[in-house]
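The values are calculated or read from the model by the stated rules, or taken from the named source; none is laboratory data. Remember, it's a predicted structure, so these values are computed and weren't measured experimentally. Please note: Cβ atoms are built from the backbone with ideal geometry, for glycine as well, and neighbour counts cover all protein chains shown. Just the protein is used for accessible areas: all its heavy atoms, side chains included, with ligands, DNA and RNA removed. Shrake-Rupley method; radii C 1.70, N 1.55, O 1.52, S 1.80 Å.
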Amino acid sequence: MKSLQRILFEAVLIAALGAAIGLAVNHRLISDAFTGKLAVPAAVTSVPGALLPQPVLLAEVRELANSGAVLIDARDFAQYADGHLPGALSLPLGEVEAQLAGFRQKVETGKTLVAYCNGYGCPDSFDLGMLLLKDGYRDVRVFEGGFPEWRDAGLPVVKGAR
Amino acid sequence: MKRTGRISYHLCRLLLGGVFVWAGAIKALDVPVFAGQVAAYQLLPYAWNYAVAAALPYVELLAGILLLINIRIKPATLLVGLLNAVFIVVLLSVLARGLNIDCGCFGPDAGTTPLQALGRDAVLLALAVAIYRQQDRYVRSPVSPPED
């Protein structure tokens, strides 16, 4: 019969070992996440020279927003209403066909656009950025940290529908 | 009677180990996607979702493998039980906050709701408790390890 203390100690050891292996295997991803420079999606690097939405970091998003860039929320209407970046326009990727005409009237093609969605594995902002570039907008960026990074940085979030 | 008990003990051990190896392997294969699912729980700051997504699958894998190969059963089962207890608390917080998210327990395509996941975790926790309590009866080490 092993003492409970010893069993607990071994359990913690197993957890620590597993965590260490996981962090070691993914050390690049982790360090990128903590330094705020997450890898650009593979699609961006694999098409050289093509016109693609450029990734921007949180600090740049704040500067761009202050200098008149248009923030675009690519998530659905409900998530937008639940909380979005101040001043962001709602243009859900799923609704883009119905909404694009109205969006074009509001935003001229010379504007700098910054699209975002739910960060992480969320590809909607990038896909939306591609569509907007195809539609004639020339300067489209993607904020990959998206709404979660903005919110977790303690920056103001606005609730309410469009 | 004893024989049936022994067989069911080992079946439970293999089942629990298999479930954790499976869950760990799926998530270890796509850490960024799992990070997104961890983020959906809205419990951690941005970068920490990645840390959890990187570490947790390997902890699950390791504990599952130990259960499968019948080594360090008690600590591995204790760890699995504690993990399940944490999952249950987290899922309860999801229900309490009314979040409509995918559990992410077995990768992005499983499509399990928090409530289903809660039920499954309760079963897994019961399995872990049963294995932990039966372990001494069915596996006796020939020499007792030194007590400290």
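Relative protection proxy for A:105-114, B:76-85, B:91-100, from highest mean packing down: B:76-85, A:105-114, B:91-100 (other beta-carbon atoms within 10 angstrom).
Under 20 Å from the Cα of B:Lys2, which aspartates and glutamates turn up, not counting those fewer than eight places away in the same chain? Candidates past the 8-residue exclusion: B:Asp136. Counting every C-alpha pair in chain B, the share spaced more than 18 angstrom apart comes to 59%. Helix B:46-68: angle to the longest alpha-carbon principal axis of chain B, degrees 0 to 90, nearest 10? Once rounded, one gets 20 degrees. Taking all Cα pairs closer than 8 Å and separated by 6 or more residues, the relative contact order of chain A comes to 25 percent. Descending by average beta-carbon neighbour count within 10 Å, the peptides B:31-42, B:116-127 line up as B:31-42, B:116-127, the highest first.
Which angle between 0 and 90 degrees, to the nearest 10, do you get for helix A:124-134 versus the longest principal axis of chain A when only C-alpha atoms count? Roughly 30 degrees between the two axes. Spin-label model, A:Asp82 to B:Val129: label points 7 Å out along the Cα-to-beta-carbon direction sit 3.3 nm apart. Summarising the overall dimensions of the protein assembly as shown from its C-alpha atoms, the Rg and Dmax are 23.8, 81 angstrom. Annotation: amide H-H contacts under 5 Å for A:Ile72 (H modelled 1.01 Å from N, sequence separation of 5 or more, or interchain): A:Leu89, A:Val114, A:Ala115, A:Tyr116.
Only Lys, Arg, Asp and Glu carry charge here, each on its Cβ (+1 for the first two, -1 for the last two); on that basis the protein assembly as shown has a dipole of about 1260 debye about its Cα centre.
Using the Cβ-Cβ distance between B:Ala122 and A:Thr109 with R0 set to 51 Å, the FRET efficiency works out to roughly 0.40. In the protein assembly as shown, a dipole from Cβ-located charges (positive for Lys and Arg, negative for Asp and Glu) runs towards its positive end, and of B:Leu99, A:Ser31, B:Asn84 it is B:Asn84 whose Cα lies farthest in that direction. By how many degrees, between 0 and 90 and to the nearest 10, does the Cα long axis of helix B:2-29 differ from the longest principal axis of chain B? Here the helix axis deviates by roughly 30 degrees.
The share of Cα pairs per 5 Å bin across the range A:42-152, counted from zero up to the longest distance, runs 2, 13, 25, 27, 20, 10, 2, 0 percent. Separation of the range A:140-162 and the range A:10-29, taken as the distance between their Cα centroids, equals 31 angstrom.
For the range B:36-95, the gyration tensor built on C-alpha atoms gives an oblate shape. Its axis ratio a/c (a ≥ b ≥ c) is at least 1.5, and a/b is not larger than b/c. Per residue of B:41-47, other chain Cβ atoms within 10 Å of the residue Cβ number 5 on average.
Scanning residues 5 or more positions from A:Gln54 or on other chains, those with amide H under 5 Å from its amide H are A:Val140, A:Arg141, A:Val142, with H placed 1.01 Å from N in the peptide plane. Partner shielding of A:4-11 amounts to 6, given as the average count of beta-carbon atoms from other chains within 10 Å of each residue beta-carbon. Rounded to a whole number, what % of the accessible area of the range A:42-152 do carbon and sulfur atoms account for, probe 1.4 Å? After summing per-atom areas, the C and S share lands at 51 percent. Taking every residue in B:121-128 and counting other chain Cβ atoms within 10 Å of its Cβ, the average works out to 0. From helices alone, chain A scores -14500 deg cm²/dmol at 222 nm; the rule is -39500 (n - 2.57) for each run of n ≥ 4 DSSP H residues, then divide by the residue total. Over the range B:1-79, accessible surface divided per residue gives 44 Å², non-protein components excluded, 1.4 Å probe. Ignoring ligands, DNA and RNA, how much accessible area is buried between chains A and B, both sides summed, with a 1.4 Å probe, to the nearest 100 Å²? Separately minus together, A and B give about 2800 Å² buried.
Here the range B:2-136 is treated with +1 on each Lys and Arg Cβ and -1 on each Asp and Glu Cβ, and its dipole about the Cα centre works out to around 660 debye.
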